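Here is the structure we will look at, set down as structure tokens.
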Amino acid sequence: MSNTTLLAKENTIKMFTMTEGGFGVGDFVAFGFLCLASCAGGLWYSAIGSRTKAVVDIRDYLLGGRAMSTFPVAMSLIASYVSGVTILGTPAEIYNYGSQYWLVVVGVSLSCVVVATVYLPVFCTLRLSSSYEYLELRFNRHVRAVASILFLLDEVLFLPMVIYVPALAFNQLTGFNVYAVGGVMVAICGLYTVLGGLRAVVWTDSVQTGIMFIGVVLVAAAGTIAVGGVRVILDVTEESGRLSISNWDLSPYVRQTGWGSVVGGFLYWTCFNSVNQTMVQRYISLPSKRKAIIALAIFCVGAILAISLCVWCGLAAWAAWVEGGCAPAGRPLVDDRLLPAFVTYVSRVQHLPGLAGVFLAGVFGAGLSSLSAVLNACALVAVEDIMHGWLRLRLRPLTEGLLARAVTATLALLSLLMLVVITKLGGVLGVATALSAIAASSTCGMFTLGMACWWVGPRGAIAGAVAGAVVAATVSLGTQAAAAHGLREPPMDYAMQCPNTTFQPPVYLDPEEVFPLFRISYHWIAPLGLVTTLCVGSVVGWLCDRRRAVPLDAELFTPAVWRLLPAEAHDNAGITRRNLASKAADAPPSTPLIVGQASDKIEMNGESSR
């Protein structure tokens, strides 16, 4: 073989075209082993662990008996935040628009501080089963129902997204059918979530989160070596402007700015981390507020690490494309398929069979953990908030336990059916993302009104939530429609370093032709809904809510406003909590959901006889 042929072959190997794919035997072995390990804990706990305990009731199934360990819960919190969407979407965002998005880690940190000092003390003091139960105590059951329905609608549309992204990555790497992959995901995750409840979810989340971190760390490290080292990546990205985080433009129309990432990211993640049932359910599963705060701190560190690793993978992919000579047929503007292609490229250059399998196992782990967390939270909301809180319907504990499992299974199947719709209508992904911001901002606004604005009653809370949801929905759907018609911010300059590319950028819509509210960055949609909810709710509450209709118990308000509360609130401090304890003491003990052995007899007075 001539030197020219060898050189051409070497250059072909080093060239990153962003269309790579393929799965070898080593990849299948690594993927299968890690997936089996990640799900084994949940399946074992579902099949074996529940039998070692004589009785498991509805609270134990949904809240883990409020005796979960701190570290597994913290890992489960990370799993609720970091899904396959984060792992695949963040590198593509960095590749196209630079590192400015990385500043969102500042917003996440501030969000955790606010959650620990403003919202968490209220939930831990009242010891509620559902975060939305607070809204009934503070306002009424109709406010609780509004928030619960918003949550369920949000999560029903989020579930197929969680399934679709790992299935799409698997399809790109192996060619397997997206529906078949999604069906396997739902079958595995639905099985251990239905049978094992929160305990199985948390422990499985812990393993899956660990595998996810292993996969992303290996890709970041191997990718750095494949490109030529840290210095090469920094030099290439600095020259192209992708390393800079100095854009502090105040315009809300710029896709990525420092203010958007920090302030917008702070408000956005406060909406999710503070009152969302998926997160609160894990906080209150811990035995004390101190442990909940420790779990929140671990979550903060883990989220920052995950975002930072994904950002670095995006920078490494850009450097690989430039250093490889900018493949003429390559697309400088890429989508969520960037990272799977980069992983395949790194595996080929570094001769690392199995790397793509480990990476895909991490993506699947992130998807499965997010899916199980949402399914379990939806079951709790359906039973505690809709059935108990709103409809005032109580069944036998055994029936309620079976109903909770049926809700979990139904949502799992529904998410799989919606996967068919998403693959046919790609715009549904944008609509689902928009609805997520709508529900999160308006719900967080309702809780904030309840915990901080003592003059606001049910009318103010509902009026604020409706106004916030309408504004956020209008802006969200409007921006999605504008994007579908071609209103997109072009990627950062690539021609300077890649003059030989034949890629022709698409023709973008003139921004001046679009209504201003439909041009704002996605960072500001949730904050806009939150601010609208707070402003409208505060005014309507002041004008329309009767003072006597507002319960004044200091424990229903965040400690941040205790000094501002009327004296009556301090005089009544603890009344709500004592009433809850009294009702719990008067209620008959729960009867068994699962009886481990026939010899264990459970009497109605709660005493066992043998």
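What does the charge count near residue 391 come to, summing +1 for each Lys or Arg and -1 for each Asp or Glu among other residues with Cβ under 13 Å from its Cβ?
Net charge around residue 391: 0.
Give the calculated FRET efficiency between residue 392 and residue 106 to the nearest 0.05, with a Förster radius of 35 Å applied to their Cβ-Cβ distance.
0.20
Subtracting the Cα-Cα distance from 0.36 nm times the residue separation, let me have the gained length for residue 187 to residue 484 in nm, one decimal.
Separation in residues times 0.36 nm, less the Cα-Cα distance, equals 103.6 nm.
Take residue 125 and residue 225, extend 7 Å from each Cα along the Cα→Cβ direction, and tell me the distance between the two endpoints in nm.
Each label point is offset 7 Å from its Cα along the Cβ direction, giving 5.4 nm.
Using a 1.4 angstrom probe on the protein heavy atoms only, line up 408, 19 by accessible area, largest first.
19, 408
Remind me, what semi-axes does the stretch 20-421 give for its equivalent ellipsoid, largest first in whole Å, using sqrt of 5 times each Cα gyration tensor eigenvalue?
Semi-axis lengths for the stretch 20-421 are 37, 25, 17 Å.
Report the FRET efficiency, 1/(1 + (r/R0)^6), for residue 153 and residue 568, where r is their Cβ-Cβ distance and R0 is 30 Å, rounded to 0.05. Write out the running numbers ahead of the final one.
Working: r = 37 Å, r/R0 = 1.24.
Computed FRET efficiency for residue 153 and residue 568 comes out at 0.20.
Just read off the accessible area of residue 438 with the full protein assembly in place, 1.4 Å probe, to the nearest 10 Å².
Around 10 Å² of this residue is reachable by solvent.
How much FRET efficiency would the formula 1/(1 + (r/R0)^6) give for residue 176 and residue 250, where r is the Cβ-Cβ distance and R0 is 35 Å, rounded to 0.05?
It comes out at approximately 0.15.
State the extension gain, in nm to one decimal, for the chain segment bounded by residue 403 and residue 40, taking 0.36 nm per residue of separation less the distance between their alpha-carbons.
128.2 nm
The values are calculated or read from the model by the stated rules, or taken from the named source; none is laboratory data. No experiment lies behind these values; they were computed from the predicted model shown. FYI the Cβ positions are ideal-geometry reconstructions off the backbone, even for glycines, and counts take in every protein chain you see. Note: areas computed on protein heavy atoms with side chains; ligands, DNA, RNA excluded. Shrake-Rupley method; radii C 1.70, N 1.55, O 1.52, S 1.80 Å.
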